[in-house]
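Here is the structure we will look at.
The values are calculated or read from the model by the stated rules, or taken from the named source; none is laboratory data. Here the structure is a predicted model, which means the values were calculated and not measured. Positions of Cβ are generated from backbone atoms using ideal geometry, with glycine treated the same way; all protein chains shown enter the neighbour counts. Only protein heavy atoms, including side chains, enter the accessible area calculation; ligands, DNA and RNA are left aside. Shrake-Rupley method; radii C 1.70, N 1.55, O 1.52, S 1.80 Å.
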Amino acid sequence: MRVAELAQVAGVSADTVRYYERAGLLPPPPRTASGYRAYDESAADRVRFIQGGQRLGLRLRDIAQLLAVRDTGVCPCEPAEELLKRRLDELDAELARLAALRAEMVRMIEALPSNDCPPPEPGTWCPPSDQERR
C-alpha cells in the first residue's frame, strides 16, 4: 500500500501516516523502484494501535514505549496496565477539577441578582450579591 492507501485503510490522513513515520512510531517501509513507500497490512494494524492509544489519552511517547515492547514479541499488557492506571488517575483529577469549577459556576449563577441589577463596582464584572455585602 502507498501512503494514501494506508491512510484510507487506517482511517487517518496521509499527513498523519507521514508524521508517525517521522516520529518513529511507524518504521520506514521499503520503497518501490520509483521511490514510493510500500506499506503492508501490519502498518495499518500499527496505525490503528496508535490511534487507539491516543483515544485513551495516552501520549505518543507512551504509545512508542508500548510499541517497542510489542515489537520484541513480549506481551505489552503489564506496561499498558501501568500507563492506563496513570492515565485514569489523571482523568480522575481532571474530573474533580471540572466538578469544582462547575460548583463554583453554579454558586456564581445563584448569586446573580435576578430582577434589579445595580451597576457593578469598579474592578468587578458583576455587582456583589446581598450575601457578599454583609
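Within the stretch 32-59, being surrounded by 15 or more Cβ atoms within 10 Å (Cβ to Cβ) and in a helix (DSSP H, G or I) holds for A43, A44, R46, V47, F49, I50, Q51, G53. For the stretch 1-28, a residue qualifies if it is hydroxyl-bearing (S, T, Y) and open to solvent by less than 20 Å² (accessible area, probe 1.4 Å), and exactly one does: Y20.
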